[in-house]
1. When 1/r is averaged over all different Cα pairs and the result inverted, which Kirkwood radius in Å belongs to the chain?
2. Looking at the chain as a GNM with Cα springs under 10 Å, which of 167, 74, 87 has the largest mean-square fluctuation?
3. Go through the range 6-21 residue by residue and turn each phi into a ³J(HN,Hα) via Karplus (6.51, -1.76, 1.60, θ = phi - 60°); whole Hz please, and just put x for glycine and proline.
4. May I ask for the net charge around residue 171, where only other residues with Cβ less than 12 Å from the Cβ of residue 171 are counted and Lys, Arg are +1 while Asp, Glu are -1?
5. Excluding ligands, DNA and RNA, what is the solvent-accessible area per residue of the chain at a probe of 1.4 Å, expressed in Å²?
6. Using Cα pairs under 8 angstrom and six or more residues apart, how large is the relative contact order of the chain, in percent?
7. Using the Kirkwood radius over Cα pairs, work out the Stokes-Einstein diffusion coefficient for the range 41-135 at 10 °C and 1.306 mPa s, in µm²/s as a whole number.
8. If I stretch the segment between residue 23 and residue 163 completely, what's the gain in nm (0.36 nm per residue apart, minus their alpha carbon distance), one decimal?
Amino acid sequence: NFTAGAPSRQSLAEFSDPNPTDAEASFTATVDWGDGTSGAAIVLGPPGGPFSVNGEHTYSRAGTYPLVLHVVEVDGAEITLPGNAIVAPASLTADATFSSDVESGQSFSGPVARFRDGNPLSSSSDYTAVIDWGDGSQTAGAVSGPTGGPYTVAGSHTYATTQPFTVTVTLTGPAGASASA
């Protein structure tokens, strides 16, 4: 398993070869990571196997990707090993930034929360925000910030009455990652 934005090196598959004298140097391997990239993989194991195919990759987004390993032996024998890479979302944390006195009938407009994503490859377009203004109304929030964050959620609202309200902002991203402030 992988985590979005984090490099990961791991064993991707295992295979055996009926020739007990074949060594790991007898094989070359490539991997199609399923996200539009591919590259070399490393075959490891004792003479005669079993052999493991190891690779290193960084996925930019959470999700499930079709992984295809292709192993070629020096004598021309080939094997294709399909699978899936499950990429978990990076940690997402929230800080409330909203504290304001707004009179009845006056409009508030500005930032209400800040979020940090553990994925340095994330972008603000990966996320949607909902602001619950605490008076029974909800609106979409505008998410902004540089690649990798931190992200700010801003919104506008007019309260009908003057009283304390608890504002809650929920940010939702790839693969169901979410956090609230």
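The values are calculated or read from the model by the stated rules, or taken from the named source; none is laboratory data. Computed from a predicted structure; not experimentally measured. When we count neighbours, we look across all protein chains shown, and the Cβ atoms used for this are built from the backbone with ideal geometry, even at glycine. Protein only, heavy atoms only, side chains kept; ligands, DNA and RNA dropped before computing areas. Shrake-Rupley method; radii C 1.70, N 1.55, O 1.52, S 1.80 Å.
1. Working: mean 1/r = 0.0516 Å⁻¹.
One over the average 1/r among Cα pairs gives 19.4 Å for the chain.
2. Comparing 167, 74, 87 in the GNM, the peak value goes to 74.
3. Each residue's phi maps through the Karplus curve to give 10, x, 9, 10, 7, 6, 9, 6, 10, 8, 10, 10, x, 7, x, 9 Hz.
4. Values: positive: 114, 116; negative: 95, 117, 126.
With Lys, Arg at +1 and Asp, Glu at -1, the net is -1.
5. Numbers: 9390 Å² over 181 residues.
Solvent-accessible surface per residue comes out at 52 Å².
6. The value is 20 percent.
7. Working: Rh = 18.6 Å.
In µm²/s, the coefficient is 85.
8. Details: separation 140, 0.36 × 140 = 50.40 nm, distance 7.51 nm.
Full extension from residue 23 to residue 163 adds 42.9 nm.
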